[in-house]
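Heads up, the thing below is written out as structure tokens.
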């Protein structure tokens, strides 16, 4: 090959950069179209999942309304860990508010945010707590999800059922290792600590804003 | 096309001679974090099979278009895109399966076994060969991860197949050791995973050495391995 035909360093650089650019464009297009294609189905199953989760936190006997319809948007609220607007579901029984379901985030899980639903009855008692999304270590920290909890008869997350600040003081509202009253499995303390703290803060906030939250219906 | 003999070689390489878990020691980070029980280990391996065969096939198809100098960023781009595509499609079209496999798929992006096989195999071989290489490497991972997860679960908690009820609702975990077995936390924690993995590698090298001795051959050099996370 004659010397003049040898690609120069600059020419090579431009050529490789161009090829890399084309690859990026091509694969980003694949990603974007895949996202657009799957987004409706993913959202639909997420909504279905949401309703299923709410049913687990809130006993059926406590409400007779369509919770997904009677949901209100809350502005970003630091007390429940939400830096984005979130939803609050108002449960009513024969027209009377009976409970609210909050979307709560524990920002300090072992690997990122733990999202959960916290149902608070109108008398200030927790009706139930369920983890909806988390990235905790499988087999170690994931027992906060009752599906992964080995203890099927009394899963870890059911400790919250029926609790209120009247029954358990704020000081005891921590895992046993930190001097509180909540159990935690050995080897994974960060995860339950984050959940316990987030539920405590959310319950405290719900109590402080009880009137507004329950009056939200009309 | 691909012949039976070639397929057999790839199979043997993936499952024994070049086993990603106990010979290449690749992708330890998700591997050790997830293999706390048998079901988790098997699930991660299944997700890896899907991603590795797909990424091997696609890279091999495009291998003549990728300049050598920028192959690594392009490989990463392809692998990350495919993992996301698999993640999204399973979520959208096979939601039941997503609930089980979902948390394992994003872990594979960080698993360098995918990149390693692309670089070592798919970048040089034909698409179909690369597809099988990816699938069989995933299978090699399947039995080793299953074994490691099973051992950890058995020693750590005395059970096997815990978590199976999320796949087949009517089945439950097997209690192998007596129900009052106190559990051995070390096996569940990452150090236990390293110790057991070390034992498995030792067992593999011992089996190889014994086979070589029986065949009156000089024992094979233990394969130099360069692990990565």
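Over the stretch B:4-214, the alpha carbon radius of gyration divided by the compact-protein estimate 2.2 N^0.38 Å works out to 1.08. Taking the square roots of 5 times each eigenvalue of the Cα gyration tensor of the stretch B:20-112, largest first, gives ellipsoid semi-axes of 24, 18, 10 Å.
Enter the angle in degrees (range 0 to 90, nearest 10) between the Cα long axis of helix A:190-208 and the first principal axis of the Cα atoms of chain A, meaning the one along which they spread out most. So the helix axis and the longest Cα principal axis differ by about 60 degrees. For the stretch B:138-220, the normalised intensity computed at q = 0.17, 0.22 Å⁻¹ comes to -0.80, -1.05 (log10 of I(q)/I(0), Debye sum over alpha carbons, equal scatterers, no solvent). Projected over all directions and averaged, the alpha-carbon convex hull of the stretch A:1-112 occupies 12.9 nm².
Summed over qualifying helices (DSSP H, 4 residues or more, each -39500 (n - 2.57)) and divided by its residue number, the protein assembly as shown shows a 222 nm mean residue ellipticity of -16000 deg cm²/dmol. I'd like the orientation of helix A:9-57 relative to chain A: the angle between its Cα long axis and the longest Cα principal axis, in ° from 0 to 90, rounded to 10. Tilt of helix A:9-57: around 20 degrees.
Once Rh is set to the Kirkwood radius over Cα pairs, what Stokes-Einstein translational diffusion coefficient, in µm²/s, holds for the stretch A:3-42 at a temperature of 25 °C and a viscosity of 0.890 mPa s? Rounded, D is 197 µm²/s. Taken as Cα centroids, the stretch A:173-218 and the stretch B:36-113 sit 37 Å apart, rounded to the nearest whole angstrom. Computed from the Cβ-Cβ distance with R0 of 35 Å, the FRET efficiency linking residue A:190 to residue B:70 stands at 0.30. Evaluated at q = 0.10, 0.16, 0.19 Å⁻¹, a Debye calculation over the C-alpha positions of the stretch A:58-215 (equal weights, vacuum) places log10 I(q)/I(0) at -0.34, -0.88, -1.22. If you run the Gaussian network model on chain A, springs between alpha carbon atoms under 10 Å, then out of A:13, A:119, A:44 the most flexible one is A:13. Among A:105, B:86, A:195, A:25, the order by Cβ neighbours within 10 angstrom, fewest to most, reads A:25, B:86, A:105, A:195.
Find the relative contact order for chain B and round it to a whole percent, using C-alpha pairs within less than 8 Å whose residues are 6+ positions apart. Relative contact order comes out at 33 percent. Inter-chain Cβ neighbour count for B:86-94, averaged per residue, equals 4 (cutoff 10 Å, partner chain atoms only).
Among A:58, A:18, A:163, which one moves the most in a GNM of chain A with springs linking Cα atoms closer than 10 Å? So, out of A:58, A:18, A:163, the one fluctuating most is A:18. Taking other Cβ atoms within 10 Å as a rough exposure proxy, A:205, B:206, B:143 sort from fewest to most as B:206, B:143, A:205. Note on the stretch A:98-182: Kirkwood hydrodynamic radius from all Cα pairs is 13.7 Å, rounded to one decimal. DSSP beta bridges confined to the protein assembly as shown are antiparallel in about 95 percent of cases. Cβ crowding within 10 Å, taken as a proxy for footprinting-reagent exposure, orders A:45, B:35 from fewest neighbours to most as A:45, B:35.
Across the stretch A:84-218, the mean sequence separation of Cα contacts (distance under 8 Å, 6 or more residues apart), normalised by length, yields a relative contact order of 22 percent. Across all Cα atoms of the protein assembly as shown, the radius of gyration (one decimal) and Dmax (whole number) stand at 26.2, 90 Å.
Here, each number is a calculation from the coordinates, and none is a lab measurement. Quantities reported herein were computed from a predicted structural model and do not represent experimental measurements. Because the Cβ atoms are built from the backbone with ideal geometry, glycine has one as well, and the counts that use them run over all protein chains shown.
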